[in-house]
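Each remark here refers to the structure printed beneath this line.
The values are calculated or read from the model by the stated rules, or taken from the named source; none is laboratory data. This one's a predicted model, so the numbers in the text were calculated from it and none came from an experiment. Neighbour counts run over all protein chains shown; Cβ positions are idealised from the backbone, glycine included.
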Amino acid sequence: MRYAAPSRVLGIAPAAPENAYSYFHDLRLACETDPYDVHHDLAEGVREVVVLDVRRPVAYATEHVRGARSLPHQDISPETVRTLDPDPLYVTYGWGPACNGGTRAAAKLSALGFRVKEMIGGFEYWKRGGYPTEQGEPS
């Protein structure tokens, strides 16, 4: 196939449709969620989903997703998660798309045997969506 101008997009061939589906469905959607879906589940009272703010406690105290629990990603260890219920799906979030705290927390929690998804866009996209927040110290 020949293109009129050199393409950066087509510089690497796209995945075959079946491989793309496996990547997007079985990997990305299995490991990520978005603020809209998280808000929906919190508003509907879905108990099987627990939201974790993985930023530092001072950031959590200043403002966080309403109903989120504080668990800074740098503090996650077998000892600090001993009291976590093993059954729910944990949704992690950090500051925003330029922050990998949510990813780090999700990696650590999954390595410790917890089911987890990362909320893409983090707290920044939550705020952009106009979803409810609250203030308060971690409990």
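Here are the numbers for the structure shown:
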{"quantity": "Residue list for segment 70-102, filter: assigned to a strand (DSSP E or B), in contact with an Asp or Glu (Cβ under 7 Å, 6 or more places away or on another chain) and either free of Cβ contacts under 8 Å to residues at least 40 places away in the same chain or not hydroxyl-bearing (Ser, Thr, Tyr) (or both)", "calculated": "89"}
{"quantity": "Selection from segment 25-43 of residues that are in contact with a helix residue (DSSP H, G or I) (Cβ under 8 Å, 6 or more places away or on another chain) and of a type in the set (A, V, I, L, M, F, W, C)", "calculated": "31, 38"}
{"quantity": "Matching option when the condition is over 12 Å from the mean Cα position of the chain (by Cα) and under 13 Å from residue 54 (Cα atoms), among 108, 127, 117", "calculated": "108"}
{"quantity": "Subset tally (residues that are charged (D, E, K, R), in contact with an Asp or Glu (Cβ under 9 Å, 6 or more places away or on another chain) and crowded, with 19+ Cβ neighbours inside 10 Å) for segment 55-69", "calculated": "0"}
{"quantity": "Output for segment 83-139, where each listed residue is of a type in the set (Phe, Trp, Tyr) and within 20 Å of residue 36 (Cα to Cα)", "calculated": "90, 93, 95, 123, 125, 126, 131"}
{"quantity": "Given (1) among the polar types (S, T, N, Q); (2) in contact with a His (Cβ under 9 Å, 6 or more places away or on another chain); (3) modelled with pLDDT under 95, index of the condition residue 139 fails", "calculated": "(2)"}
{"quantity": "Hits in segment 10-65 (condition: acidic (Asp, Glu) and either under 21 Å from residue 90 (Cα atoms) or in contact with a Phe, Trp or Tyr (Cβ under 7 Å, 6 or more places away or on another chain) (or both))", "calculated": "26, 32, 34, 37, 41, 44, 48, 53, 63"}
{"quantity": "Test: residue 12 is free of Cβ contacts under 8 Å to residues at least 40 places away in the same chain, within 28 Å of residue 111 (Cβ to Cβ) and aliphatic (A, V, I, L, M)", "calculated": "no"}
{"quantity": "Yes/no for residue 61 being within 18 Å of residue 139 (Cβ to Cβ), of a type in the set (Gly, Ala, Ser) and in a helix (DSSP H, G or I)", "calculated": "yes"}
{"quantity": "Among (1) loosely packed, with under 10 Cβ neighbours inside 10 Å; (2) in contact with a Lys or Arg (Cβ under 9 Å, 6 or more places away or on another chain), the one test that residue 52 misses", "calculated": "(1)"}
{"quantity": "Given (1) out of contact with any helix residue (DSSP H, G or I) (no Cβ under 9 Å at 6 or more places or on another chain); (2) surrounded by fewer than 17 Cβ atoms within 10 Å (Cβ to Cβ), number of the condition residue 46 does not satisfy", "calculated": "(1)"}
{"quantity": "Residue count for segment 1-53, restricted to those that are small (Gly, Ala, Ser), under 30 Å from residue 83 (Cβ atoms) and in a loop (DSSP other than H, G, I, E, B)", "calculated": "1"}
